[in-house]
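Visitor: Next up is a structure, given as structure tokens.
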Amino acid sequence: MISHMGELEMLSIEQVLALGIFALMFILIILDKVERHLVTLGAAALMIVVVFGICMQDGGAILRALNVTHFADRSFWIASEAETAVSTGINWETIIFISGMMIMVEGMGRAGFFKWLCMKIAALVKYRPIPLMIAFMLISFALAMFIDSITVILFLAAVTVELAQLLKLDPIPMILSEIFCANLGGSATMCGDPPNIIIGTALHYTFLDFITNTGLISVIGLGAVVIYFMLVYHKELIQEKVTEEDIKAMPSPQSVIRSRRDFYISTLIFLLAVILLITHAHTHLTVGFIGVMIAIITLLSVGKDMRLLLEEVDYKTLLFFTGLFVVVSGLEETGVLELVAMFIQNVSGGHHLAMIAIILWVSAIASAIIDNIPFAATMIPVIRTLSVSTGMDLSLLAWALALGTDIGGSATPIGASANVVGTSVSNKNGYPITWGKYCRTSIPATVIVIFIAMWILFWYSIS
Amino acid sequence: MDEQVIIAIGREFGSGGHEIGKELAERLKVSFYDRNLLDHMFIGAEDVKETMREYEEKLSHPLFSRRVRGHSNSLAETLAEMQFDFIRDKASDGESFVIIGRCAESVLRDNKNLITIFIRGDREIKAKRVEKIYELPERDVYSKMDRHDDQRKKYHNRYGTYKWGDSRGYDLCINSSKLGIEETIDLLEDYIEKRIEKMNGE
């Protein structure tokens, strides 16, 4: 321990600079004064020029950080049977996959798919408050397994507010439960939440690996949170009465479909994406390939509206990822992340259960306060080093990291993007969600699910 | 009054800006908006008003707020935007009114019928006024004044075109301590009437 502390004290100049750039980037992201994609791109430029260029004078490190040659590899598009090569630097597969899904989701939103689904489900449960809340929790979870949680909550919270205004209900309990379930659903699959996509593509796990591990834990967690939210809000929900007149005044689900043709096509593309993702371990198609394919099909299906769809892609988020990956690669190339791994190893005493608990809880707490994407991206090389140095199964650490970052983000209004969007929609419609109101419900729910995840991961480790 | 007139008043805490604005609204027989803006925005929702009151004309701490694709979890920020929309709607409906704070001089800067005023005061005179109104011990008066002015400044500088109290952001800046509240009102009424005459003549 003492020797490692000594190593920590004797950081090289490039390590100090890499850490300084990383810390500056994180502070600027938190302060939110400069757009976050400009922050990560600026930090990436600094990392390349100052750390790789001036200090290390290592052109190879720059190429590895930019990772542009990865496109030419066959493994970028079609995975080989035993993929073990570890790619560092910009995770283009993540960026391409997210771009493809953004285009698909935009197409679905334009066709009216999400609103139709929400209205259809509300009609199926006859707009009764308790079944409505449970149904929206389940649909939030299910959609977030395949679609980014921001989109899921954007539509779900908007429909919830609309229903609440028509039915004279309080939408806040429903929105809070939907946010939680969107984050939980995101943790279930490889494509549900950005940290999972980054973990999956960087460490070569498949959709099935995720769904059989984090997916199982998330479903158990979902059962627990449905019970929890019912216990917390059942008194308020029982008091709310929906009259026949209210129900008659509701718009029909079909009325929200903008174009039947676009609706059916976008639904088919979505189903195709789900099938391709579920089977990608067998077809060996990488998520990058799936992303490109889905994007091309969606763009071809919308014809002349192609340009409009492309304009709606959130390029800032994609640039944010690009810069972030370069900064993390700076920490990796300079050996800073190895020191972090050694530190965790020392604190845990090399005990596997302690390492799982540390990764899970530290990820959860950090993600409740800071953006979980930079955190997850930074921790991937750390858990890889930990696994090599302790002989621990890397997948257990990967699941701990994925679950910690995805679920921990639910605890506070700023922990995850879905929380920000959900509270914003509620606030804008005159249903204020304060920090206190949010945390009173969501922190206990987060702690419950993290405990469930911890015990199941312990069980995985022992068995 | 033929033409619409909107009077946006910025003010230092204790300068009497609120009282001056209210009296001007009464003399001009127009609506008066201050904290009561929330009553107009959230009709019948008492609990919402109570919650929102805590976030009015304030800024969120950067550590407690985050922005994602144009959405912010900050109640203070959302409320500010909602108030700006409300003020814009009132102005575009042709209503005449006096409004206190809320960056109205920046929000409505394109309205040709806007008159913007900033009211300040001498520190000691303001302190005496605050001491009397809030029945505070002297030691608490200055900290209260500084706290409120600091909040107003930060809020204004976040959303306003010019910095809070910067004379370039207002048509008229006045020290209410020199003439006293009543005479300041008279002077401002005079100024506003002349401006209205000019507006009607154009």
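The values are calculated or read from the model by the stated rules, or taken from the named source; none is laboratory data. On a predicted model such as this, the values are computed, not experimentally measured, just so you know. Glycine also receives a Cβ, built like all others from the backbone with ideal geometry; neighbour counts cover every protein chain displayed.
Visitor: Name the residues in region A:163-198 that are under 17 Å from A:Ser424 (Cα atoms), touching an Asp or Glu at 6+ places or on another chain (Cβ under 8 Å) and either in a helix (DSSP H, G or I) or of a type in the set (S, T, N, Q) (or both), would you?
Guide: If the condition is that a residue be under 17 Å from A:Ser424 (Cα atoms), touching an Asp or Glu at 6+ places or on another chain (Cβ under 8 Å) and either in a helix (DSSP H, G or I) or of a type in the set (S, T, N, Q) (or both), then A:Ala164, A:Pro173, A:Asn183 are the ones that fit.
Visitor: Give B:Met41, B:Met52 a once-over and let me know the one that is within 13 Å of chain A (Cβ to nearest Cβ), modelled with pLDDT of 90 or more and in contact with a Phe, Trp or Tyr (Cβ under 6 Å, 6 or more places away or on another chain).
Guide: Just one listed residue meets the conditions, B:Met41.
Visitor: Is it true that some residue in region A:107-124 is aliphatic (A, V, I, L, M) and under 14 Å from A:Ala295 (Cα atoms)?
Guide: Yes, some residue in region A:107-124 is aliphatic (A, V, I, L, M) and under 14 Å from A:Ala295 (Cα atoms).
Visitor: Are any residues in region B:55-77 facing another protein chain (nearest Cβ under 7 Å) and farther than 16 Å from A:Ser424 by Cβ, and if so, which ones?
Guide: B:Pro62, B:Leu63, listed by residue number.
Visitor: Using the structure shown, decide if A:Ile220 is in contact (Cβ under 8 Å) with a residue 40 or more places away in the chain, more than 22 Å from A:Ile153 (Cα to Cα) and assigned to a helix (DSSP H, G or I).
Guide: Judged against the criteria, A:Ile220 is not a match.
Visitor: Do we find a residue being surrounded by 23 or more Cβ atoms within 10 Å (Cβ to Cβ), more than 14 Å from chain B (Cβ to nearest Cβ) and under 17 Å from the mean Cα position of the chain (by Cα) anywhere in region A:345-357?
Guide: No, the conditions are met nowhere in region A:345-357.
Visitor: Quickly run through region B:16-30 and pick out the residues that are touching a residue at least 12 places away in the same chain (Cβ under 8 Å) and of a type in the set (D, E, K, R).
Guide: B:Glu19, B:Lys22, B:Glu23, B:Arg27, B:Lys29
Visitor: Shifting gears a bit: Please count how many residues of region B:116-128 are assigned to a helix (DSSP H, G or I) and either small (Gly, Ala, Ser) or over 30 Å from B:Lys194 (Cα atoms) (or both).
Guide: Matching residues across region B:116-128 total 4.
Visitor: Take the residues in region B:26-38 that are within 13 Å of the chain's Cα centre (by Cα) and either more than 14 Å from every other protein chain (Cβ to nearest Cβ) or more than 24 Å from B:Asp85 (Cα to Cα) (or both), then tell me which one is surrounded by the most Cβ atoms within 10 Å (Cβ to Cβ).
Guide: Across region B:26-38, the extreme among qualifying residues is B:Tyr33.
Visitor: So which residues in region A:410-446 are surrounded by fewer than 24 Cβ atoms within 10 Å (Cβ to Cβ), among the polar types (S, T, N, Q) and at the interface with chain B (Cβ under 8 Å from one of its Cβ atoms)?
Guide: Of everything in region A:410-446, just one residue is surrounded by fewer than 24 Cβ atoms within 10 Å (Cβ to Cβ), among the polar types (S, T, N, Q) and at the interface with chain B (Cβ under 8 Å from one of its Cβ atoms), namely A:Thr434.
Visitor: With respect to A:Leu124, determine if the residue is free of Cβ contacts under 8 Å to residues at least 40 places away in the same chain and surrounded by fewer than 24 Cβ atoms within 10 Å (Cβ to Cβ).
Guide: yes
Visitor: Can I ask one more? Looking at A:Thr298, A:Thr317, which one is away from chain B (no Cβ under 14 Å), within 30 Å of A:Ala202 (Cβ to Cβ) and among the polar types (S, T, N, Q)?
Guide: Of the residues listed, the single one that is away from chain B (no Cβ under 14 Å), within 30 Å of A:Ala202 (Cβ to Cβ) and among the polar types (S, T, N, Q) is A:Thr298.
Visitor: Here are A:Thr214, A:Thr201, A:Thr160, A:Thr151: which of them is within 14 Å of chain B (Cβ to nearest Cβ), among the polar types (S, T, N, Q) and assigned to a helix (DSSP H, G or I)?
Guide: A:Thr151
Visitor: Of (1) more than 14 Å from chain A (Cβ to nearest Cβ); (2) in contact with a Phe, Trp or Tyr (Cβ under 9 Å, 6 or more places away or on another chain); (3) at negative phi; (4) in contact (Cβ under 8 Å) with a residue 40 or more places away in the chain, B:Ala80 satisfies all except one. Which?
Guide: B:Ala80 satisfies every listed condition except (1).
Visitor: So, one more: Exactly one of (1) modelled with pLDDT of 95 or more; (2) surrounded by fewer than 24 Cβ atoms within 10 Å (Cβ to Cβ) is unmet by A:Phe180. Its number?
Guide: (2) is the only condition that A:Phe180 fails.
Visitor: Out of everything in region B:39-65 that is within 21 Å of B:Phe13 (Cβ to Cβ) and touching a residue at least 40 places away in the same chain (Cβ under 8 Å), what residue ends up being farthest from the chain's Cα centre (by Cα)?
Guide: Among those residues, the one meeting the criterion is B:Leu59.
Visitor: For region A:223-262, give me the residue count where each residue is of a type in the set (A, V, I, L, M, F, W, C) and either at pLDDT below 90 or over 29 Å from the mean Cα position of the chain (by Cα) (or both).
Guide: Number satisfying all stated conditions: 8.
Visitor: When you check A:Thr243 against the structure, is it under 28 Å from A:Met379 (Cα atoms), loosely packed, with under 14 Cβ neighbours inside 10 Å and hydroxyl-bearing (Ser, Thr, Tyr), yes or no?
Guide: Spelling it out, it is not the case that A:Thr243 is under 28 Å from A:Met379 (Cα atoms), loosely packed, with under 14 Cβ neighbours inside 10 Å and hydroxyl-bearing (Ser, Thr, Tyr).
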